[in-house]
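*Asks:* The structure that follows is given in the form of structure tokens.
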Amino acid sequence: MKRKVIGVIYSGNSFGKDEKILLELAKNKKVELIMINIFKNIDEDELEEKIKKCDIIYNNTAEDFSIEIAKTIEVLGKKVIDSPEDFYFTEDKWMFFMKCRENKIPTPETILLSENWGIAKKQLKDFKHWPVILKRISGTMGEYVDMAKNVEHAEKIILRFWQKGSEKLPIIAQEFIKSPSYRVTLIGDKIVQTALKQNKKGWKATGNYAKTFDKFSIDKKLEKIIKKVMKTVKINICGIDLLKKNDEWVVLEVNSEPGFDFFENEREMLVEETLDFKSFQFSLSG
């Protein structure tokens, strides 16, 4: 039987913990890994040569640039899990809100702000949610997310977002829900981990802002919401972030390439679940 080969997209000067675990587990399972480091210079010809040997590619980094590499790999004819095509409704926060609304998935009240400040100012006044959360439609690790106390404060934040970024991306305004962040990690349709993320020194509990982590139980209402989310976004490996509003679950966002570092004692289990899932996927077709 032909040995299966997985290409792994990662980023860094050296292998991180996940990559080291992945390499060790792959050796035990007789799966060959070809590591593709996007942190280093890699031209299209070199990339094409690497992926020729692979049955499938696994994107193991949440770096924004990895999405472009994944797109390139798919144009070159190799399947990537998860495919960048599946990120359309998750990488754009406004599109994600619209998709949730369409599928009756509870999510924070959200509006898309005009790039004309005079119109945006009126929108915020009519929205009547103070404090309000302002977010660029794209961004990772809590970047380009801030809270405004009033219209004047909102103007300063929006101008900062526009000046800081390389492009003037649209901004959404979202109701502030005072709640810890609840992360549910899924591989395929299997819930593999829950993590209650809290930051006692600030209101942000997603990205790198959470300081403490605990487990939480999945109730029937949440299980139903998770199934609906997974059916809607169609991402195989993801982390769903939720809040609680008046003791009811609200979906904040879905993260592709979720972190496995909430509980160190479960890290190897999550990497192994991922490797087994990848192997199963491409074994079906080959």
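*Asks:* Going by alpha carbons, how many degrees (0 to 90, nearest 10) lie between the helix axis of 64-75 and the longest principal axis of the chain?
*Replies:* In the chain, helix 64-75 runs at an angle near 50 degrees to the longest axis.
*Asks:* In whole Å, what are the Cα extents of the chain along the three principal axes, biggest one first?
*Replies:* The Cα atoms of the chain stretch 65, 43, 35 Å along the principal axes, largest first.
*Asks:* Calculate I(q)/I(0) for the range 178-265 by the Debye formula, one identical point scatterer on each C-alpha and no solvent, and give its log10 at q = 0.22 Å⁻¹ to two decimals.
*Replies:* Results for the range 178-265 at q = 0.22 Å⁻¹ read -1.13.
*Asks:* So how tilted is helix 267-285 from the main axis of the chain? Cα-based, degrees 0 to 90, rounded to 10.
*Replies:* Once rounded, one gets 70 degrees.
*Asks:* I need to check one value: relative contact order of the chain, counting alpha carbon pairs closer than 8 Å and at least 6 residues apart, in percent. Please list the in-between numbers first.
*Replies:* Numbers: 469 pairs, mean separation 50.1, N = 286.
Dividing the mean separation by the residue count of the chain yields 18 percent.
*Asks:* For helix 93-102, what angle does its Cα long axis make with the longest principal axis of the chain, in degrees from 0 to 90 and rounded to 10?
*Replies:* 80 degrees
*Asks:* Using R₀ = 35 Å, calculate the FRET efficiency as 1/(1 + (r/R₀)^6) where r is the Cβ-Cβ separation of LYS17 and GLU68; round to 0.05.
*Replies:* On the way: r = 25 Å, r/R0 = 0.71.
E between LYS17 and GLU68, to the nearest 0.05, is 0.90.
*Asks:* Taking 0.36 nm per residue of sequence separation and subtracting the Cα-Cα distance, how much length would be gained by fully extending the chain between ASP189 and LYS53, in nm to one decimal? List each step's numbers first, then the result.
*Replies:* On the way: separation 136, 0.36 × 136 = 48.96 nm, distance 2.87 nm.
Here the segment from ASP189 to LYS53 would lengthen by 46.1 nm.
*Asks:* What is the gain in length, in nm to one decimal, between ILE177 and GLU44 on full extension, counting 0.36 nm per residue of separation less the C-alpha to C-alpha distance?
*Replies:* Working: separation 133, 0.36 × 133 = 47.88 nm, distance 4.46 nm.
Here the segment from ILE177 to GLU44 would lengthen by 43.4 nm.
*Asks:* Further question: Starting from the Cα-Cα distance between GLU223 and LYS122, subtract it from 0.36 nm times their residue separation and give me the gain in nm to one decimal. Write out the running numbers ahead of the final one.
*Replies:* On the way: separation 101, 0.36 × 101 = 36.36 nm, distance 3.83 nm.
Stretched out fully, the GLU223 to LYS122 stretch lengthens by 32.5 nm.
*Asks:* Could I have the simple spin-label model distance between GLU264 and TRP162, label points 7 Å from Cα toward Cβ, reported in nm to one decimal?
*Replies:* Modelled inter-label distance: 4.6 nm.
*Asks:* Among the listed pairs LYS20/LYS245; LYS40/LYS190; LYS20/LYS53; LYS78/LYS244; LYS93/LYS149; LYS40/LYS99, give every one whose C-alpha distance is greater than 30 Å. Don't jump to the answer; show the numbers that get you there.
*Replies:* Values: LYS20/LYS245 39 Å; LYS40/LYS190 34 Å; LYS20/LYS53 21 Å; LYS78/LYS244 40 Å; LYS93/LYS149 21 Å; LYS40/LYS99 36 Å.
Too far apart for the 30 Å limit: LYS20/LYS245; LYS40/LYS190; LYS78/LYS244; LYS40/LYS99.
Since every read-out is calculated from the coordinates, none of them should be taken as a lab result. Keep in mind that this is a model prediction, so the values were computed, not measured. Methodologically, a virtual Cβ is constructed for each residue, glycine included, from the backbone with ideal geometry; neighbour enumeration extends over all protein chains shown.
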